[in-house]
Structures are given as C-alpha cells and as structure tokens.
Ligand SMILES: [Ca+2]
C-alpha cells in the first residue's frame, strides 16, 4: 500500500467532515396547539400588529376551511370585527447571517369563501405578494424558498393582508430552517477516522507492511 494514499484519504474525510451540515429549525408554527377563536391579537409565534386581528380556525370553528395541504388549525388573515385586515408578524426577529442559507416554507391558500385575496409575505430580502382565487390551494404553497443576506441583519417574518375583508387567505405550516450552522452527527466520527489514517501514515513502513 502506498503510504501517501493514507494522507489523501484522511484529507478527503476531513473535507467531508468540515462541509457536512444539517438543517437547523429556527422557526416553526402550525397553529395546532392554539384554541380556535375569533378576533385574536396574537396567534402562537405571531402577533397581529397595529390593532389588527386574526381568527384561528379549527375544530368547532370553521375548521373545514383549512383545506389540504393545510391541516387542523389555520389562521384566517381576515379577522373578525375591529380591524380585520391583519398584519401578522413573528413575535421575535430572526438573526440572519451571511454565508448561511435560510429556507422559508409556508402555506397560504385562498379564502374558500368566494372572494379573491391578496397577501404580502416579507422576510429580510424576500418579499412576495400572493393573489389567490378563493379555491387556489397551490399558488401560495412555498417550500424551502432560499433566503440569504450579504450583511448580518435581524428580520421579522410578516404576512400582511392587502384587502380589508373578514375573509382573508388562510395561513398554516410556517417554518424556517438554516443550513450552515449545525454540525452533522457524522462530523466527529469522520474526523476520528481521518486521524486514524494520519496515525497509520506515521507508523514505521515495516509496521505498515504487515497491514498489507
Ligand atoms: Ca395547522
């Protein structure tokens, strides 16, 4: 066996170990732990801003409107009474760092009640407006939309209803993961194996010969 191969293998293993990353969940809300209720100024990990309100729909309260792919509870971006034109914002800002890819997912579906809705989603550099027909359960389904920044910033995730109506788009399954911060569980084992190859490299050639 050529000894230099040992170093090459160790180098490759170290490279894999250093670049191996796992996604980390930085935000997650499916509204399912909330009690379905009308005219709420907060909904789980979100607050309704500026005196607006939302409805949490679910079992016993129009839960049938939370159509697939949504499930159990969802949020009606048009609240009830007062100012129903909701601006729903994450309670806490999320720190965004350069070099890390944040992947945003959420489900916005049409009102299911005959009217068209418009909802703007903002998060750091990401901004998108979704015009959804009543039964449109596809156009507002966003999965793993990558968001990156060039300078560090702290950003709120915001869903803003653009129409003054009590029948808004329906929101569910909001989540965000970051790729680039969390180490894989394989990192340490890979580094240990690489270290073994380096040790073999420094063994005396006569010893190594006995290994084949
Ligand atoms: Ca839900």
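The values are calculated or read from the model by the stated rules, or taken from the named source; none is laboratory data. Remember, predicted model here, so these are calculated numbers, not experimental data. With ideal geometry, Cβ positions are generated from the backbone for all residues, glycine too; neighbour counts draw on all protein chains shown.
Taking the conditions exactly as written (assigned to a strand (DSSP E or B) and at pLDDT 95 or above), does residue 127 satisfy them or not?
Against the criterion (assigned to a strand (DSSP E or B) and at pLDDT 95 or above), residue 127 qualifies.
Yes/no matrix, rows are residues, columns are (1) surrounded by 15 or more Cβ atoms within 10 Å (Cβ to Cβ); (2) in contact with a strand residue (DSSP E or B) (Cβ under 6 Å, 6 or more places away or on another chain); (3) at pLDDT 85 or above:
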{"position": "152", "(1), (2), (3)": "no, no, yes"}
{"position": "158", "(1), (2), (3)": "yes, yes, yes"}
{"position": "168", "(1), (2), (3)": "yes, yes, yes"}
{"position": "176", "(1), (2), (3)": "yes, yes, yes"}
{"position": "179", "(1), (2), (3)": "yes, yes, no"}
{"position": "202", "(1), (2), (3)": "no, no, no"}
{"position": "212", "(1), (2), (3)": "no, no, no"}
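Each row is one residue, and each column tells you yes or no for (1) touching a residue at least 12 places away in the same chain (Cβ under 8 Å); (2) crowded, with 18+ Cβ neighbours inside 10 Å.
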| position | (1), (2) |
| --- | --- |
| 12 | no, no |
| 20 | yes, no |
| 32 | yes, no |
| 51 | yes, no |
| 54 | yes, yes |
| 78 | yes, yes |
| 84 | yes, yes |
| 96 | yes, yes |
